[in-house]
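Beneath this line is the structure, given in structure tokens, with notes to follow.
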Amino acid sequence: MIDTLLNLINDAASGYAGPGILLPRAVVTVPPNPAQGDFTSGIAFALAPVLKQPPLEIAAAVAATLRDTAAGIVETIDVVKPGHINFLLRQSFWHDALDSVLEKGTGYGSSTAGSGRRVLLEYISANPTGPIHVGHGRGAVLGDVLARILVSQGYEVTREYYINDAGNQVLSLGYSVLNDYYRSRSIDIPLSRPGEYQGGYIRDISTALADTLPAADINEEHIRHITEFAVNHVLAGIRQVLGDFNILFDRWFSEKQLYEDGSVRRAIEGLAARGAVKQEDGATWFLSTRYGDEKDRVIQKQSGELTYFASDIAYHANKYGRGYDHLVNIWGADHHGYLPRVKAAMSALGYDPDRLAVMFVQMVRLTRGDKPVAMSKRAGEYVTLKDLVDEAGGDAVRFFFLQRSHESQLVFDIELAKKQSQENPVFYVQYAHARIASIFGFAATRGWTVDALMHRRDYVFSAQEKRLLSHCLLYPGLIGDIAARREPHRLTHYLIELVGILHKYYTDTRVVDSDAGTEQRLLLMKTVKIVLRNALDLLGITAPEKMEKLEEHPAR
RNA sequence: GCGCCCGUAGCUCAGUGGAUAGAGCGUCGGACUUCGAAUCCGCAGGUCAUGGGUUCAAAUCCCAUCGGGCGCUCCA
């Protein structure tokens with residue numbers, strides 16, 4: 001709907017700029033002050049450096065053209081101070097807008113901009129050595145919502161979880177369980193190495209083993225068995241927690257498999273074939289400095305053991321081999337230094353490193369009140385994602401995480417999250433949805449129904465109503481932008497803004513009244529409800545038709 | 001020391017070239033005999049870390065400095 005206006009602006013701008021001038025695509029926003037107009041365009045500012053002319057001059061010229069070409073939808077066009085072009089649109093435009101949203105319904109906001117391009121989105125990928133914690137949860141929400149948004153924009157998205165089920169970490173888990181198994185049976189047995197993990201889940205696993213181990217003579221086979229058992233146990237728990245949190249994957253990719261099917265060996269051979277490895281100090285090194293890394297990296301240790309980096313090369317090569325247009329990884333910010341070597345390896349293998357993008361999620365710092373929560377995975381002292389979701393609720397956790405840019409650290413006060421559960425912004429947004437549903441319920445008791453066929457184009461929208469509609473119209477462009485720039489957190493801020501306008505409108509205006517305008521206002525509410533519903537769906541948050549009142553807020 | 005992220009209201013954070021810099025929470029004061037008060041309105045609260053620079057225009061871009069976090073392993 002808004003595209004009509006954008007196209008007219010683009011045409012006017014390119015007409016003014018003349019042929020052969022590449023100009024930026026027009027964007028419109030809602031001006032800060034409603035008195036300034038329904039929409040505003042900064043196209044003159046974008047054009048100024050290209051044409052080397054003052055923005056005000058450009059704005060005047062573009063506006064002059066638009067007064068002719070856009071006369072069908074535009075009531076007035078104003079050019080203001082530095083170079084803003086402000087539009088006041090005709091009532092017919094708003095009626096078209098209303099129709100357009102109602103017609104698209106649940107599809108409003110989706111597009112085909114991705115045109116089927118294939119994206120592999122890898123996120124969380126927490127080691128299967130213990131329950132996933134809050135930091136993983138942040139990446140989980142980011143990945144899940146980004147996936148939903150990309151899908152809505154026509155991308156073909158594969159959601160993948162990489163399981164580090166090979167190597168020392170899981171072996172250490174195995175030993176931890178082994179130790180606990182014998183400790184719990186008061187059997188003294190000399191072990192070749194200590195376990196490193198603690199926490200209740202270790203006991204859960206050793207208990208689940210029942211009495212399957214001998215009282216003595218532990219051998220490698222037993223260790224392998226226990227490790228595999230423990231990994232499967234932990235992984236099942238992770239899947240369960242994520243599933244309950246409505247975070248699903250298309251594929252769980254096993255690192256171990258990369259060893260078993262020879263991928264890791266082939267990856268190293270591939271590097272060697274390109275002369276990108278060397279032997280030194282009894283180890284095998286990847287010459288990553290040749291590809292922009294700070295130093296060369298070991299892929300096979302003196303001991304003969306392969307490093308995690310070796311299998312990571314194989315894994316990423318595997319991803320490239322599957323023919324995706326974009327590979328997006330979500331990693332914890334502490335892995336930042338790891339990216340150059342991975343890209344280096346991909347370059348060495350002949351892949352385009354620019355197709356791989358990594359979003360680094362900054363840390364979540366937990367507090368209980370003023371007291372920081374000690375987080376030590378090895379000591380088993382940490383708040384799990386499950387704990388948090390159980391305490392604060394899945395909707396609130398999702399919303400909370402997505403109010404901040406993933407590039408900013410965030411402090412999560414668990415006590416506050418609990419205490420404020422009813423003040424949380426997510427309820428503010430959900431309440432708006434429930435409130436509209438409630439309006440429909442009340443309207444029904446007065447004999448009104450909500451049906452697009454009732455739309456009467458002679459209704460005159462008020463300034464507030466146009467304000468509501470204008471924000472609804474920004475929605476599709478916002479989602480497109482969020483997908484392109486991978487900034488899901490902007491969606492929560494949009495919702496808060498839209499809902500704020502709605503609540504104020506509700507306070508000021510009686511929707512269900514005795515006049516014929518009731519039907520039109522109900523349709524407007526329907527429009528807003530569609531946008532709320534669609535946006536909440538993308539966030540994976542429920543859009544309730546009705547909300548339970550809590551006891552602290554008794555009805556009056 | 002080097003790299004990345006951050007520094008915006010009392011607190012937690014949006015805003016990354018354009019109009020008087022915003023929200024939530026917290027303080028204080030108002031608004032329900034009528035569609036849900038989990039709401040709304042108002043007051044208070046800012047040298048956008050600091051100093052330079054680029055620009056018609058800088059919280060936003062560049063440089064330096066200060067402060068915080070993370071990383072700089074033949075760890076994962």
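The values are calculated or read from the model by the stated rules, or taken from the named source; none is laboratory data. A quick note: this is a predicted structure, and the numbers were derived from the prediction, not measured. Don't worry about glycine lacking a Cβ; one is built from the backbone with ideal geometry, like all the others, and counts go over all protein chains shown. These accessible areas exclude ligands, DNA and RNA; they are computed on the full protein's heavy atoms, side chains included. Shrake-Rupley method; radii C 1.70, N 1.55, O 1.52, S 1.80 Å.
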Quiz item: What is the distance, in nm, between label points placed 7 Å from the Cα along the Cα-to-Cβ direction at A:Thr29 and at A:Glu391?
Solution: 3.7 nm
Self-check item: Å² per residue, accessible surface of chain A at 1.4 Å
Solution: 46 Å²
Exercise. Identify all aspartates and glutamates with a Cα-Cα distance to A:Lys301 below 13 Å; exclude those on the same chain that are fewer than 8 residues away in sequence.
Key: A:Glu280, A:Asp281
Practice problem: Give the percent of DSSP beta bridges with both residues in segment A:36-165 that are antiparallel, rounded to the nearest 5. | Solution: 65 percent
Quiz item: Can you give the Rg to Rh ratio of segment A:66-201, both from alpha-carbon atoms, with Rh computed by the Kirkwood formula?
Solution: 1.37
Quiz item: Which entries in A:Lys104/A:Lys319; A:Lys418/A:Lys529; A:Lys371/A:Lys419; A:Lys466/A:Lys526; A:Lys386/A:Lys546 show an alpha-carbon gap greater than 24 Å?
Solution: A:Lys104/A:Lys319; A:Lys418/A:Lys529; A:Lys386/A:Lys546
Self-check item: Estimated inter-spin distance, A:Val411 and A:Ala463, nm [label 7 Å along Cα→Cβ]
Solution: 4.0 nm
Quiz item: Tell me, what is the percent relative contact order of segment A:82-172, built from C-alpha pairs under 8 Å that lie six or more residues apart?
Solution: 37 percent
Quiz item: Expressed as an acute angle from 0 to 90° and rounded to the nearest 10, what is the orientation of the C-alpha long axis of helix A:134-152 relative to the principal long axis of chain A?
Solution: 50 degrees
Quiz item: Can you tell me the Rg and Dmax of segment A:2-89, counting just the alpha carbons, in angstroms?
Solution: 11.7, 37
Practice problem: For chain A, state the average projected area of the convex hull of the C-alpha atoms over all orientations, rounded to one decimal in nm². | Solution: 33.3 nm²
Self-check item: Mean-position separation - Cα centroids, segment A:385-403 and segment A:213-279, in angstrom
Solution: 29 Å
Quiz prompt | Loop-located GluC sites (Glu not before Pro) in segment A:326-423, at most 15 other Cβ atoms within 10 Å (DSSP) | solution = A:Glu407, A:Glu423
Exercise. Sort the following peptides by mean Cβ neighbour count (other Cβ atoms within 10 Å, averaged over residues), highest first: A:322-331, A:175-184.
Key: A:175-184, A:322-331
Self-check item: Extension gain, A:Ile187 back to A:Ser438 (0.36 nm per residue minus Cα-Cα distance, nm)
Solution: 83.9 nm
Quiz item: Hey, if we sort A:Tyr506, A:Tyr494 by accessible area with the 1.4 Å probe, largest down, what's the order?
Solution: A:Tyr506, A:Tyr494
Self-check item: In Å², nearest 10: area of A:Ser288 left accessible to a 1.4 Å probe
Solution: 0 Å²
Quiz prompt | Nitroxide proxy distance, nm - points 7 Å out along Cα→Cβ at A:Thr449 and A:Ser303 | solution = 7.4 nm
Self-check item: Accessible area (Å², 1.4 Å probe, nearest 10) - A:Met359
Solution: 10 Å²
Quiz prompt | Fraction of accessible area attributable to carbon and sulfur, chain A (%, probe 1.4 Å) | solution = 51 percent
Quiz prompt | DSSP bridge orientation in chain A - percent antiparallel, rounded to nearest 5 | solution = 50 percent
Quiz prompt | Highest average packing first - A:528-539, A:48-59, Cβ atoms within 10 Å | solution = A:528-539, A:48-59
Quiz prompt | Rounded to the nearest 20 debye, dipole of chain A from Cβ charges on Lys, Arg, Asp, Glu | solution = 640 debye
Exercise. Name the long-range amide H neighbours of A:Thr367: under 5 Å, sequence gap of 5 or more, or other chain; modelled H, no Pro or chain starts.
Key: A:Val373, A:Phe412, A:Asp413, A:Ile414
Quiz item: What is the calculated FRET efficiency for A:Ala216 to A:Phe45, with r their C-beta to C-beta distance and R₀ = 56 Å, to the nearest 0.05?
Solution: 0.10
Quiz prompt | Candidate aspartates and glutamates for bridging to A:Lys256, where Cα separation is under 16 Å - those fewer than 8 sequence places away on the same chain excluded | solution = A:Glu160, A:Asp165, A:Glu228, A:Glu305, A:Asp312
Quiz item: Can you give the angle from 0 to 90° between the axis of helix A:308-321 and the longest principal axis of chain A, with both taken from C-alpha atoms, to the nearest 10?
Solution: 50 degrees
Exercise. With both partners inside segment A:284-362, how many of the DSSP beta bridges are antiparallel, as a percent to the nearest 5?
Key: 40 percent
Quiz item: Using the beta-carbon distance between A:Tyr506 and A:Lys419 and R0 = 25 Å, what value does 1/(1 + (r/R0)^6) give for FRET efficiency, to the nearest 0.05?
Solution: 0.35
Quiz prompt | Karplus 3J(HN,Hα) series, Hz, for segment A:258-268 with 6.51 cos²θ - 1.76 cosθ + 1.60 (x for Gly, Pro) | solution = 5, 6, 5, 8, x, 5, 5, 4, 5, 4, 5
Exercise. Starting with the highest mean, order A:137-143, A:95-101, A:127-133 by the number of other Cβ atoms within 10 Å, averaged over the residues of each peptide.
Key: A:137-143, A:127-133, A:95-101
Self-check item: For segment A:425-539, alpha-carbon Rg relative to the globular expectation (2.2 N^0.38 Å, N residues)
Solution: 1.09
Quiz item: Tilt of helix A:425-445 relative to the longest C-alpha principal axis of chain A, in degrees (0 to 90, nearest 10)?
Solution: 50 degrees
Quiz item: Long-range amide H contacts for A:His133: which residues qualify at under 5 Å (H placed 1.01 Å from N, peptide plane, sequence gap of 5 or more or a different chain)?
Solution: A:Leu385
